[in-house]
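Working notes, beginning with the structure itself.
The values are calculated or read from the model by the stated rules, or taken from the named source; none is laboratory data. Source: prediction; values computed, not measured. All Cβ positions, glycine included, derive from the backbone under ideal geometry; neighbour counts span all protein chains shown.
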Amino acid sequence: MRTVIERLVGEALTRRIPETVPRDVRVRKMPGKVSVLTGMRRTGKTSLCFHTMQTLLETGVPRERLLYMNFEDDRLAQARVGDLQWIIEAFYGANPALKEQTCWFFFDEIQRVAQWELFIRRVLDTERAEIMLTGSSAKLLSREIGTAMRGRSLTTEVFPLSFREYCRFQGVRVPERPVYGDRDRYTLAKAAEGYLRTGGFPEVQRCEEGLWRTVLQGYADVVILRDVIERHGLSNYAAAKALARHVLQNPGQLLSVSRLAASFSQAGIACGKSLLFDVLEHLHDAYFCFPVEVHDRSLKRRQVNPKKVFAADTGLCRAFASGITADRGGALEGLVFAALRARDVRPDYVVTPQKTGVDFVYEEGGAWHFVQACWSLAESGTAAREFRGFADARPQHPKASRTLVTWNEEGEREGVRIVPAWRWLLEHPIANKE
């Protein structure tokens, strides 16, 4: 393994740093602390490492002081924590004078090496080094860092592209001030159609029209296999894949694990409730999907009531959509949730005593907010249901703002602001935007 690592370090020190499209993600940094990027696979964590390296080069840091290594390289598959010392030996062996200068280490998907945190802590304590780590498992990274780093790390969550970032990738101009002429409205509405369909994974933005679906399906398969089956030692691949597919095909729906286990069994997929609960937790840990609880002060009622489950990205849902048409309302609700979660909002859903509801309620900046997502208010029954939900929920938070996100309708009615999706998305930047 020593020879392999020495060769990889040599390659890394001479490899050209790839060009990247700037993101609105501000990586949390502080001298003496490890910067940790977590998020689902393919959301752009590696690109943020490369962007950070490019920024350092632009400020005058010599290339030889920057080292990037990807631990998903098959040549490192058998690496153990003791082998990682050869990275340091090879790096400083190539240029011993660097021992007296600050150097930067970028380690991608390092959680694949058991007890990696011991190595990182030692490097942090013994070398003049700034360290950035990435990983696709929130729980493993947080647990290991919490025990070994002891407050010496800063975590940044990385999600698929926001709508503003999507426009940047697609070359769509977004006015600096929120004043939109007819041409801007048309252009941004068209961009929102593409964003809803293909989602925000950076790689698919450059895919041919007929290829993005296959690429996203591949992403899902890798998460199921590596982040659920292999990482947690499970053997029931069929059940894990069936659950993941169910989540993607039913965005925002209440999920009953008991009913789902019975349904899978009838379809010939042997599994129990305990397994499905575990798989759902592992998918959440991998940032593949997110549960939303009912809004209630009682912790017991929050836990007992079924949860809504949203996928990380609407493109993933569209890639697995069955039938000729997809659920546009569910897709829009998923789009709204993804935007909220990316700015570190963890909303609840509301069920009122009158059995009506509101899609999302959350507190931000000391104020409460109700948000509904509805594709169109053209049908009077649909409009009545949405506004009735707002009215019935209002006693819970009388001063809360009320916003109804639609696809293209705009205005105000009964104290509720109605706003098209493209505008609402631009008004809500991600949490750690610079």
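Yes or no, residue by residue, for (1) at pLDDT below 95; (2) in contact with a strand residue (DSSP E or B) (Cβ under 6 Å, 6 or more places away or on another chain):
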| residue | (1), (2) |
| --- | --- |
| Met1 | yes, no |
| Glu6 | no, no |
| Arg15 | yes, no |
| Thr20 | yes, no |
| Asp24 | yes, no |
| Val34 | yes, yes |
| Thr38 | yes, yes |
| Leu67 | no, yes |
| Ala77 | yes, no |
Fill in: Of residues in segment 251-288 being hydroxyl-bearing (Ser, Thr, Tyr) and closer than 18 Å to Gln303 by Cα, the one nearest to the chain's Cα centre (by Cα)
Ser256
Practice prompt. Keeping to segment 359-387, report how many residues are within 15 Å of Glu409 (Cα to Cα) and of a type in the set (D, E, K, R).
Written response: 2
Worksheet entry | Leading residue by the ranking (surrounded by the most Cβ atoms within 10 Å (Cβ to Cβ)) among those in segment 252-277 that are in contact with a Lys or Arg (Cβ under 9 Å, 6 or more places away or on another chain) and within 25 Å of Ala331 (Cβ to Cβ) | Gly252
Item to complete: State which residue is nearest to the chain's Cα centre (by Cα) when the search covers only segment 172-223 and only residues that are closer than 18 Å to Gly334 by Cα and hydrophobic (A, V, I, L, M, F, W, C).
Response: Phe201
Practice prompt. Go through segment 126-136 and count every residue that is of a type outside the set (A, V, I, L, M) and surrounded by fewer than 23 Cβ atoms within 10 Å (Cβ to Cβ).
Written response: 4
Practice prompt. Tally the residues that are under 18 Å from Thr198 (Cβ atoms), without any contact (Cβ under 8 Å) to a residue 40 or more places away in the chain and not hydrophobic (A, V, I, L, M, F, W, C), restricting the search to segment 297-342.
Written response: 1
Worksheet item: Out of the residues in segment 351-366 that are in contact (Cβ under 8 Å) with a residue 24 or more places away in the chain and farther than 16 Å from Val416 by Cβ, which is nearest to the chain's Cα centre (by Cα)?
Response: Val351
Response to the item:
Taking segment 79-96 and the residues there that are touching a helix residue (DSSP H, G or I) at 6+ places or on another chain (Cβ under 9 Å) and not in a helix (DSSP H, G or I), the one that is surrounded by the fewest Cβ atoms within 10 Å (Cβ to Cβ) would be Asn95
Worksheet item: Hey, among the residues in segment 111-139 that are touching a residue at least 40 places away in the same chain (Cβ under 8 Å) and part of a strand (DSSP E or B), which one's farthest from the chain's Cα centre (by Cα)?
Response: Glu130
Worksheet item: Right, Arg75: out of contact with any helix residue (DSSP H, G or I) (no Cβ under 8 Å at 6 or more places or on another chain) and among the charged types (D, E, K, R) or not?
Response: no
Response to the item:
Of the residues in segment 160-187 that are surrounded by 15 or more Cβ atoms within 10 Å (Cβ to Cβ) and of a type in the set (Asp, Glu), the one that is nearest to Val25 (Cα to Cα) is Glu165
